[in-house]
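Throughout, read-outs are computed from the coordinates displayed, never taken from laboratory work. All values reported here derive from a predicted model rather than from experimental measurement. Cβ: placed from backbone, ideal geometry, glycine included. Neighbour counts: every protein chain shown.
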Amino acid sequence: MEPQRTVTNRRLYSDEQIERLSLLREITQRGHSIGHVAKLQTDKLRELARESHRTSGQDSIALAATAGAPTFLDECVTAVKSLDARALDEVLKRAAVELGAQGLLQRVVAPLVHTIGDLWRDGSITAAHEHFASAVIRIFLGHAAKPFTGTDGAPVLVVATPAGQIHELGALLAGAAAANLGWHVTYLGASLPAAEIAGAARQNRARAVALSLVYPEDDARLEGELTRLHESLPPEILLLVGGRAMPAYHDVLEKIGATQVKDLAQLSSTLDQLRKPAKKVKR
Ligand code: B12
């Protein structure tokens, strides 16, 4: 699709070329690899874009199957099923380049983790596949977040899961998303007692602490942990909480004034808001 040029060498696009470019942009933003869709006829691109509107997230595997163009998610699942670490790492890297860091986290890694959970539950993959995928994702996120961490003067976010919460990937995803937004992330890992989390937050003069709650949803000890954490944190350090089990602890989170963040997109806007200097109150 070579555009013509004017005498002053500016590109001149036809209506069809402009339509193709915007369709390609829309489709790749929804997780399709540019390598797979760039050569499709415009009719096929329109069809894909229409279907992309109707479906989202985990439906994208089915969508790719019907349209004949595999999505990044699709390719990741294939790599997990064949326990191919190099292939999985390669798809994630490609997705990072094409979708950007936030796109990678929100449109590929997060749906991939959910898909793995579903496939594991229905017996399509085994615990070995799940462990394999978690390990590759953990290493990938560690590397991916590195270049964004630690600029001087960046606000600090301490990320962990509280005692009893051993699922770690939600915390890792939140940490990687924050690091990508320019926050300095102190990542403490999973299942940490309240006193330890509060100590680290005070030592690093954190602006906020982010906790991920995934499973179980009915841990009677967690209310005490969260209350202790709130009591040990200075009031200027905000507590942000996310993860699939978060709604189950709504009452205690409300009581301790924690900010409940429903997904990574909302985390981005919450963190951006926190970075803005507080408005001076006129007296
Ligand atoms: C990996 C994994 C494991 C690994 C964990 C390894 C590790 N170190 O993390 C292992 C194998 C240990 C494991 C064990 C178990 N697991 Co498990 N596991 C998973 C899997 C595949 C991913 C877990 C994960 O980290 N998810 C967390 C994130 C990625 O997802 P999320 O909570 O929806 O969060 C999203 C947002 O809320 C946001 N977010 C998350 N945290 C935060 C935090 C902040 C601050 C913000 C802003 C946003 C945010 O980001 C995510 C992206 O969209 C999930 C599948 C799934 N759907 O999550 C099952 C899953 C959580 N496990 C499940 C189960 C049942 C178990 C076991 C009981 C299995 C068993 N029979 O032994 C045990 C329990 C162990 C225990 N004592 O807790 C179920 C839970 C079902 C339920 N009732 O809630 C799930 C959902 C699988 C399924 N579909 O059935 N598991």
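One line per residue, one yes/no per condition, for (1) more than 9 Å from the ligand (Cβ to nearest atom); (2) within 18 Å of Ala178 (Cβ to Cβ); (3) basic (Lys, Arg):
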site: Leu73; (1), (2), (3): yes, no, no
site: Arg94; (1), (2), (3): yes, no, yes
site: Gly100; (1), (2), (3): yes, yes, no
site: Leu104; (1), (2), (3): yes, yes, no
site: Asp122; (1), (2), (3): no, no, no
site: Phe140; (1), (2), (3): yes, yes, no
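With respect to Arg244, is the statement that it is assigned to a loop (DSSP other than H, G, I, E, B), within 26 Å of the chain's Cα centre (by Cα), at positive phi and of a type outside the set (Val, Ile, Thr) true?
no
I need the full set of residues from region 248-271 which are touching a strand residue (DSSP E or B) at 6+ places or on another chain (Cβ under 9 Å), in a helix (DSSP H, G or I) and near the ligand (Cβ under 10 Å from one of its atoms), in order please.
Passing the criteria: Leu264, Gln266, Leu267, Thr270, Leu271.
Looking at Thr115, Thr126, can you tell me which residue is β-branched (Val, Ile, Thr) and near the ligand (Cβ under 9 Å from one of its atoms)?
Thr115
Here's a check for you: in region 126-145, which residue that is among the hydrophobic types (A, V, I, L, M, F, W, C) and out of contact with any Leu (no Cβ under 6 Å at 6 or more places or on another chain) is farthest from Asp89 (Cα to Cα)?
Ala127
Within region 233-243, which residues are in contact (Cβ under 8 Å) with a residue 40 or more places away in the chain and either more than 9 Å from the ligand (Cβ to nearest atom) or within 15 Å of Gly164 (Cα to Cα) (or both)?
Gly243, the sole residue that qualifies.
Filter region 100-119 down to the residues that are more than 13 Å from Leu169 (Cα to Cα) and of a type outside the set (S, T, N, Q), then identify the one that is surrounded by the fewest Cβ atoms within 10 Å (Cβ to Cβ).
Asp118
Within region 175-190, which residues are among the small types (Gly, Ala, Ser) and crowded, with 20+ Cβ neighbours inside 10 Å?
Those that are among the small types (Gly, Ala, Ser) and crowded, with 20+ Cβ neighbours inside 10 Å: Gly175, Ala176, Ala177, Ala178, Ala179.
Among residues belonging to region 194-241 that are part of a helix (DSSP H, G or I) and among the polar types (S, T, N, Q), point out the one that is surrounded by the most Cβ atoms within 10 Å (Cβ to Cβ).
Ser232
Quick test of your reading of the structure: Arg138 fulfils all but one of (1) under 16 Å from the mean Cα position of the chain (by Cα); (2) surrounded by 16 or more Cβ atoms within 10 Å (Cβ to Cβ). Name the failing condition by number.
It is condition (2) that Arg138 fails.
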